[in-house]
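S.K.: Here it is, the structure in full.
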Amino acid sequence: MDTPKRPRGRPRKPDALRQAERQRAYRTRLAAAGKAVRVVQAGVAPGFDPKLHVIIDRAFFEEQRENYRHAILKLELLEERWVRLEERNSYLESELKRVEQVHTATLKELIGLKQMTKKGREYEES
């Protein structure tokens, strides 16, 4: 036998009100009691001023967050590259000083040799 599966939970009463009807009756009772009833229209937020506020969908914020994350990652990579370049620059500066010192010493040695050969020629001529 194929019997339909019974729905879960307590069975509905035949005269049960829908949620919207129940809410409408509740508001009517509140208004009759003299209490303030505030009905908000769907899609309109209370205190919304289109000159000051803007409505943006979730996809826009997710896209902006992703763009922001990519920008931060790019900045971090650029900072790492900058540190490597600074280290390389300091190494090259020290290497340049060393080569400059070697050239200076070589020039001094050449000048000394020229002076010695000049004195040697003067000695031979005299």
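Quick note: the coordinates plus some simple rules give every number you see, no bench work behind them. Worth saying up front: this structure is predicted, and the values here are computed from it rather than measured. Glycine also receives a Cβ, built like all others from the backbone with ideal geometry; neighbour counts cover every protein chain displayed.
S.K.: Sequence neighbours fewer than 8 away in the same chain don't count; with that in mind, list the lysines whose C-alpha is under 20 Å from K118.
M.R.: In chain and number order, the partners are K108.
S.K.: If the viscosity is 0.692 mPa s and the temperature 37 °C, what translational diffusion coefficient in µm²/s does Stokes-Einstein give for the chain when Rh comes from Kirkwood over Cα pairs?
M.R.: On the way: Rh = 26.4 Å.
In µm²/s, the coefficient rounds to 124.
S.K.: Taking the dipole about the Cα centre of the chain, with the C-beta of Lys and Arg at +1 and of Asp and Glu at -1, give me whichever of L17, Q115, L77 is farthest to the positive side.
M.R.: L17
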